[in-house]
Amino acid sequence: MLIGGYALPAYGRIRATLDVDVAIAASFSEVVKLHKSLTERGFQLSSSPQRDAPLFVLTDLENKVEIEVWTKPDGIVFDEELLHRRIRVRPFDDDFEMFAIGPEDFIVNKLARKDRGVQDEQDVVSVLKRRKGNLDYDYLARRAEHADVAGLLRTLIARVT
């Protein structure tokens, strides 16, 4: 499913982004198979998959796009509830459909990033403003607590209200 800047327009503002972030629920052996398949299809990969690495990076040389493939995205718990909350989007054109992370999990992922910056917090504020009243705040609070970002979330919600 899409996470990051390409998922943002579904819930918040539209902004430029330099890469595509995708989260996958996959075992290490599946990641190795995916890595091999992508290499065979002409993608340039930055390194071999590492068992404990949260992501691997590849480049679509034809379209000049960097893609971060997250197997352990910050603040995300791959479970039935998260999967149920995904939405279908057409991020690139009308012929290509895929899943995007749900709005509450998008917020938690942005706030839980180890390299979180002002841009991430602005993204969250845009989702909170645009989806005001249309978020599952109980679910959001539970996920934020689990990711240890509940205090920051409360501060940003207060900023919006």
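Read the figures in this text as sums done on the coordinates, not as results from a lab. Quick caveat: nothing in here was measured; it's all calculated off a predicted structure. Glycine also receives a Cβ, built like all others from the backbone with ideal geometry; neighbour counts cover every protein chain displayed.
Given a Förster distance of 22 Å, report the FRET efficiency between V32 and D52 from their Cβ-Cβ distance, rounded to the nearest 0.05. Each step should come with its number before you reach the end.
Values: r = 14 Å, r/R0 = 0.62.
Approximately 0.95, to the nearest 0.05.
Where nothing but the Cβ of Lys and Arg (+1) and of Asp and Glu (-1) is charged, how large is the charge dipole of the chain around its Cα centre, in debye to the nearest 20? Kindly include the intermediate steps, with their values, before the conclusion.
On the way: 24 positive and 27 negative charges, 104 e Å.
The dipole of the chain has a size of about 500 debye.
Have a look at M98, Q122, W70 and report the one farthest towards the positive end of the charge dipole of the stretch 49-161, computed about the Cα centre with Cβ charges (Lys/Arg +1, Asp/Glu -1).
Going by the charge dipole, the pick is Q122.
Can you pull the three principal axis extents for the Cα set of the stretch 92-131, in Å, largest first?
Principal-axis extents of the Cα atoms in the stretch 92-131, largest first: 33, 23, 16 Å.
Using a Förster radius of 45 Å, what is the FRET efficiency between R41 and D136 based on their Cβ-Cβ separation? Nearest 0.05, please. Can you show the working numbers first?
Numbers: r = 38 Å, r/R0 = 0.85.
Once the sixth-power term is evaluated, E becomes 0.75.
So if the hydrodynamic radius of the stretch 77-159 is defined as the Kirkwood radius over C-alpha pairs, what does Stokes-Einstein give as its diffusion coefficient at 10 °C and 1.306 mPa s, in µm² per second?
On the way: Rh = 13.5 Å.
Diffusion coefficient, whole number: 118 µm²/s.
Using the Karplus curve 6.51 cos²θ - 1.76 cosθ + 1.60 with θ = phi - 60°, work out ³J(HN,Hα) for each residue of the stretch 125-130 in order, rounded to whole Hz, and write x for Gly and Pro.
4, 5, 5, 4, 5, 6
Which residue, chosen from G12, A112, T161, occupies the Cα position most advanced towards the positive end of the dipole of the chain, where the dipole is computed from +1 (Lys, Arg) and -1 (Asp, Glu) charges on Cβ about the Cα centre?
Working it through, the farthest residue towards the positive pole turns out to be T161.
Count the lysine pairs in the chain whose Cα atoms lie under 22 Å apart, taking only pairs 8 or more positions apart in sequence or on different chains. Numbers along the way, then the final one.
Values: K33/K72; K36/K64; K36/K72; K72/K110; K72/K114; K110/K129; K110/K132.
For the chain, qualifying lysine pairs total 7.
Report, as a whole number in µm² per second, the diffusion coefficient that Stokes-Einstein gives for the chain at 4 °C and 1.567 mPa s using the Kirkwood radius over alpha carbon pairs. Please list the in-between numbers first.
Values: Rh = 16.4 Å.
Roughly 79 µm²/s, to the nearest whole number.
Run the helix sum for the chain: -39,500 (n - 2.57) per DSSP H stretch of 4+ residues, divided by residue count, reported at 222 nm to the nearest 500 deg cm²/dmol. Display every interim value, and only then the final one.
Numbers: 6 runs with 63 residues, N = 161.
The per-residue figure over the chain is -11500 deg cm²/dmol.
Give the relative contact order (percent, whole number) for the stretch 29-161; include only Cα pairs under 8 Å separated by 6+ residues.
Values: 142 pairs, mean separation 21.2, N = 133.
Result for the stretch 29-161 is 16 percent.
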